[in-house]
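Once you've had a glance at the structure underneath, I'll fire off some questions.
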Amino acid sequence: MQATKTDIYEEVIIAGFGGQGIILAGKLLAQTAMLSGMETTYMPSYGAEMRGGTANSMIVITEKSIASPMVTKPTSLIVMNKASANKFAPRVKPNGLVVYNSSLIDELGQIDGSIDVLAVPADDIAVELGNLKIANMVMVGAYLAKRGLLAVDQAAQALPYVLAERYHKTLPINIEALHRGAELAKGTS
């Protein structure tokens, strides 16, 4: 049964380590939801380290009012590294979705059998496109296509709002990465 806009209540955690673009990916997802007319909250969390520490973003997307920005049991998880997969994958709600970076994660371990799992070789695709830093956009594109709540084209339109102006020259490759992730997800449906 297709979800109608009035019963959408999506709680997402995007997790990885510092330097993987976790915070930017969370901002993009929230901005995309906003531009789509949805209610959304976005709450980043990261360690004191500039790179290499843990980072995650919690995003809530709905048509209703949002009581709290905290996400403890997500309906969807976008995970970039093994340590974050170990921490967050067991928390995903039954019938949820886990999109994981199979370039760095070989297996997810014990998760509920009802959870939809999508392996995305995000680092490999990003390197193929010419910039490892866009692996986060590959993952967001895959999530958007697999979940079907928001469109990849909406994310591409939201990207200039969340990407610092000095990086706007990278918009084309970031948008290409979104589309490559989406194509991969559509190919596995």
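So ASN86 clears everything in (1) surrounded by 20 or more Cβ atoms within 10 Å (Cβ to Cβ); (2) touching a Leu at 6+ places or on another chain (Cβ under 9 Å); (3) farther than 19 Å from LEU150 by Cα except one condition, right? Which one?
(1)
A follow-up question, please. Please find, among ALA55, ALA48, the residue that is part of a strand (DSSP E or B) and modelled with pLDDT under 95.
Just one listed residue meets the conditions, ALA55.
Looking at the range 159-189, which of the residues that are aliphatic (A, V, I, L, M) and under 14 Å from the mean Cα position of the chain (by Cα) is nearest to ALA126 (Cα to Cα)?
Top of the filtered list is ALA177.
Would you point out which residue out of VAL127, VAL117, VAL138 is assigned to a strand (DSSP E or B), modelled with pLDDT of 95 or more and not small (Gly, Ala, Ser)?
When all the criteria are applied, what remains is VAL117.
Same structure again: Name the residue, out of ALA83, ALA177, that is assigned to a helix (DSSP H, G or I), at pLDDT below 95 and either closer than 19 Å to LYS27 by Cα or small (Gly, Ala, Ser) (or both).
None of the other options fit; the residue is ALA83.
Looking at SER114, is it among the hydroxyl-bearing types (Ser, Thr, Tyr), over 16 Å from the mean Cα position of the chain (by Cα) and over 18 Å from LEU144 (Cα atoms)?
It is true that SER114 is among the hydroxyl-bearing types (Ser, Thr, Tyr), over 16 Å from the mean Cα position of the chain (by Cα) and over 18 Å from LEU144 (Cα atoms).
The values are calculated or read from the model by the stated rules, or taken from the named source; none is laboratory data. Owing to the predicted nature of the structure, the values given are computational and were not obtained by experimental measurement. All Cβ positions, even for glycine, are placed from backbone atoms using ideal geometry, and neighbour counts span all protein chains on display.
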